[in-house]
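Chemist: My structure is below; once you've seen it, I'll send some questions.
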Amino acid sequence: MGAGPADPGLITVAGLQQLKEADVIVYDRLVNDALLKEARPDAELIFVGKIAGESHDQEAINRLLIQKAREGKQVVRLKGGDPFVFGRGGEEATALREAGILFDVVPGVTSAVAVPAYAGIPVTHRGLASTFAVITSHEDPEKPESSIDWARLATAVDTLVFLMGTKTLPEIIEKLVVNGRVLDTPVAVIRWGTTPEQRTVTGTLGDIAARVEEAEITPPAITVVGKVVRLREKLSWFEDRPLFGKRVLITRTRRQASALARLLAAEGAIPIELPAIEIEPAADPAAVSAAIEALRAGRYAWAVFTSANAVELWFEHLRERRLDARAFAATKVAAIGPATAEVVIMRGIVADLVPAEYIAEAVAEALREVSLKSGERILVPRAESARRELVEGLRSAGVEVDEVTLYRAAVPQTAPKEALSLLRDGAIDIVTFTSSSTVRNLAAMLNGHIEALRRPLVACIGPITAKTAEELGLRVDVVASQYTAEGLVRAIEEHAR
């Protein structure tokens, strides 16, 4: 199966489906880790990648595939790009056929076309290039001589795409020039194509080797030779995005980080996850049971949810009692913002109220405006030590509030060492905070040494979170006007522009 180039979004629909069903995944170096997360939790993941200058025994890989298949397992051999374009997929398929093993082939998007496209270089273009060739820069070392006909290749093909050619670039240039390609032919070398770490160096056959050395370009990289390289000046898009190459720290819980990471990656950022919150259940069983009984009996006029975590945990308590959304039959539901409202919808309920401003004070004000009656009861399931403004605002309207603690936003017991090291070493460009808890907890994870948070740009999801950051001595550079993940990314993007 071809995984496509490094951007995990470029895997095919068929490939992704097979990946999710596999018992065993045998994968290469250039396969994005995000694709491996699509595997079943019980799937066996086996790395057999090759690194420049090193070699893995191909025969051993063939034997591994045969062995796992004979164990009755569904095996995915996951390769970067397309398995039949310099991927040795044909060799492995031949070994399987000779062993009597059945197999399918799932093609992948080849890096030979995708990587130049991400650099703004089409391999063909009317009036410039009607032909293109893909050439490996690492032929079989056991061959007595090269099988590449340089005399014809140098001038017969408009666009030449060399895969894995960084170390052999001087030799490639020499062979092209000796065989008739002019020195002023445009050339581009693209490293880590289709990822936020993509770098493109352009020049000509006469100077590209020096430019690549000066830029310290190392494998993996692709070299494009031909007039189409000039189109990059007009068609460059991927590297022009506002957050391209910026390392952005995400401090949300692991479950919630992925959505923000996708939004940031779409703007060219490199998301770095450092969860500063661990959701720990902290419910009093008796209080939860009493609240659920009151809910079923229709004693609550409103239920107010101030976070997606509260929604999920509350419905877990309902499920434990074999209950569902019907328990809210006589109760209206308010959500603090669209993200929380979306989670409520996923549980079968459309929120009756979402305030225009996504903070506790606005929820209380909006509920007062819908004519709350004195003595009415309101259910508020939420986090331990949550802000008091909501409950106090509602009680001031003469209603009875049942505040039910479900969880605490605890400091994680363990943290990704690499992410912490990047932060401490000054390698993070932007730090995002999506709640006051993320601010306080990250400071605790740093043992109060917040100097590491002074260099990067600090972006907060709203004014409450920003206030907490400032109280801890941080400089806040960006505050979203819409208090959602989308609003936060938009605010960071506007600041970057």
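The values are calculated or read from the model by the stated rules, or taken from the named source; none is laboratory data. Note that the structure is a prediction, hence the values are computed from the model and not measured. Neighbour counts run over all protein chains shown; Cβ positions are idealised from the backbone, glycine included. SASA here: full protein model, heavy atoms, side chains in, ligands and nucleic acids out. Shrake-Rupley method; radii C 1.70, N 1.55, O 1.52, S 1.80 Å.
Chemist: Please state which of the following conditions Ser421 fails to meet, knowing it meets all the rest: (1) under 17 Å from Gly473 (Cα atoms); (2) polar (S, T, N, Q); (3) in a helix (DSSP H, G or I).
Modeler: With (1) under 17 Å from Gly473 (Cα atoms); (2) polar (S, T, N, Q); (3) in a helix (DSSP H, G or I) applied to Ser421, the lone miss is (1).
Each row is one residue, and each column tells you yes or no for (1) under 26 Å from Thr432 (Cβ atoms); (2) in contact with a Ser or Thr (Cβ under 7 Å, 6 or more places away or on another chain); (3) without any contact (Cβ under 8 Å) to a residue 12 or more places away in the chain.
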| position | (1), (2), (3) |
| --- | --- |
| Ala269 | yes, no, no |
| Leu274 | yes, yes, no |
| Glu280 | yes, no, no |
| Val311 | yes, yes, no |
| His317 | no, no, no |
| Ala329 | no, no, no |
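Chemist: Can you find a residue that is at pLDDT below 95 and among the aromatic types (Phe, Trp, Tyr) anywhere in region 476-493?
Modeler: yes
Chemist: I'd like to verify a number: residues in region 20-46 that are at pLDDT 95 or above, more than 15 Å from Pro83 (Cβ to Cβ) and not in a loop (DSSP other than H, G, I, E, B), how many?
Modeler: 7
Chemist: Let me ask something else about it. Filter region 16-46 down to residues that are over 18 Å from Lys73 (Cβ atoms) and either in contact with a Lys or Arg (Cβ under 6 Å, 6 or more places away or on another chain) or touching a residue at least 12 places away in the same chain (Cβ under 8 Å) (or both) and give me whichever is surrounded by the most Cβ atoms within 10 Å (Cβ to Cβ).
Modeler: Selected residue: Val31.
Chemist: Now for a separate question. Report the residue count in region 399-411 for those that are part of a loop (DSSP other than H, G, I, E, B) and either touching a Pro at 6+ places or on another chain (Cβ under 6 Å) or closer than 21 Å to Val333 by Cβ (or both).
Modeler: Taking region 399-411 first, the residues part of a loop (DSSP other than H, G, I, E, B) are 399, 411.
Next, only the ones that are either touching a Pro at 6+ places or on another chain (Cβ under 6 Å) or closer than 21 Å to Val333 by Cβ (or both) stay: 399.
Final tally of qualifying residues: 1.
Chemist: Of everything in region 130-148, what is modelled with pLDDT under 95 and open to solvent by 30 Å² or more (accessible area, probe 1.4 Å)? Give them in sequence order.
Modeler: Listed by number, the residues that qualify are His138, Glu139, Asp140, Pro141, Glu142, Lys143, Pro144, Glu145, Ser146, Ser147, Ile148.
Chemist: At least 2 residues that are of a type in the set (Phe, Trp, Tyr) in each: list the helices (runs of 4 or more DSSP H) lying fully within region 143-221 that qualify.
Modeler: Hits in region 143-221: none.
Chemist: Among the residues of region 440-488, write down those that are assigned to a helix (DSSP H, G or I), open to solvent by less than 10 Å² (accessible area, probe 1.4 Å) and within 20 Å of Ser258 (Cα to Cα).
Modeler: Scanning region 440-488 gives Leu442, Gly487, Leu488.
Chemist: Note down all Cβ pairs under 8 Å where the first residue falls in region 172-189 and is under 11 Å from Thr223 (Cα atoms), the second is aromatic (Phe, Trp, Tyr) and not in a loop (DSSP other than H, G, I, E, B), and they're at least six residues apart or on different chains.
Modeler: Ile172/Phe162
Chemist: Confirm whether Pro186 is surrounded by fewer than 18 Cβ atoms within 10 Å (Cβ to Cβ) and out of contact with any Leu (no Cβ under 6 Å at 6 or more places or on another chain).
Modeler: On the way: surrounded by fewer than 18 Cβ atoms within 10 Å (Cβ to Cβ): no; out of contact with any Leu (no Cβ under 6 Å at 6 or more places or on another chain): yes.
Judged against the criteria, Pro186 is not a match.
Listed here are the residues, each with its yes/no results for (1) open to solvent by less than 60 Å² (accessible area, probe 1.4 Å); (2) modelled with pLDDT of 95 or more; (3) of a type outside the set (A, V, I, L, M).
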position	(1), (2), (3)
Ala325	yes, yes, no
Thr331	yes, yes, yes
Ile359	yes, no, no
Arg368	no, no, yes
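Chemist: Residue by residue through region 233-245, note down the ones that are part of a loop (DSSP other than H, G, I, E, B) and farther than 13 Å from Leu263 by Cα.
Modeler: Ser236, Trp237, Gly245
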